[in-house]
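What follows is a short report on a single structure.
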Amino acid sequence: MKACFLIFVCLGLLLSPRWAQAEKEASSGQTIQAIEIRGNRIVSVESILAKMKTKPGTVFSQQVLDEDLKRLYGTGFFTDIRFDQEQLPGGLKIIAFVTEKPVIASIQFAGNRVMKEKKLLEIIKVKPKEFLDHSRLRKDVMAISQEYQKKGYPRAKVTYDVATSETGEATVTLRVEEGAKVKIHAVRIEGSRAFTDKRIKKLMKTEKGYALYLGVS
């Protein structure tokens, strides 16, 4: 019995790509009668359809649908998109299932003492009511770290976490471990033969007592 079950499973795995290909070939050349969007909560149907070249009244093309998929992902609004099709009298209905990214409801800060929340909000680019974008958040983390370095906190560590509710709202918390402020105790010149230490120090912006700023790699 187990052997039979395994054979059926293997046959299903082998044949499913062929069935999918056969379905694509059967759809090719048919007229699209309708397009339905499912799963969207914030992004309007009109906005989604505007990004698609697949439209009612046109002839179905898998290539065009694949390009539509790339364009929709390119908006940055969705975490998952998939297309299905339904046979209608005289043609096809294309169904797009979309899963939207969480929307940022609020941005919070923790651990910051040197820089106040108002200043940190000026530094970051992500804002409430926008779709959550981790790549932009990582850039904001780097921007805050760089600002702390400029203020003489080279050991400052900035991280973030996201809490998402069942309604798809995200609370972003940026956490700062500032560390100790580092100041330059002394500046020493070594290896110079053409210029005196005094002349080199005069040309340098870095001086004793300045906050240490190493930059961000």
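The values are calculated or read from the model by the stated rules, or taken from the named source; none is laboratory data. Just so it is clear, the structure is predicted and the values come from calculations on it, not from any experiment. Quick reminder, even Gly has a Cβ in these numbers, built from the backbone with ideal geometry, and neighbours come from all protein chains shown.
Points worth noting:
- Residue in region 123-137 that is over 27 Å from residue 73 (Cβ atoms) and either among the basic types (Lys, Arg) or at pLDDT 95 or above (or both) present: yes
- Residue 158 falls short on exactly one of the conditions (1) crowded, with 16+ Cβ neighbours inside 10 Å; (2) assigned to a helix (DSSP H, G or I); (3) modelled with pLDDT of 95 or more, and that condition is (2).
- Some residue of region 109-130 being closer than 30 Å to residue 64 by Cβ, assigned to a strand (DSSP E or B) and not charged (D, E, K, R): no
- The set of residues from region 43-67 being of a type in the set (A, V, I, L, M) and either within 17 Å of residue 88 (Cβ to Cβ) or at pLDDT below 95 (or both) comprises 59, 65.
- Complete set of residues in region 74-96 that are more than 12 Å from residue 27 (Cβ to Cβ) and surrounded by 15 or more Cβ atoms within 10 Å (Cβ to Cβ): 77, 78, 81, 95, 96
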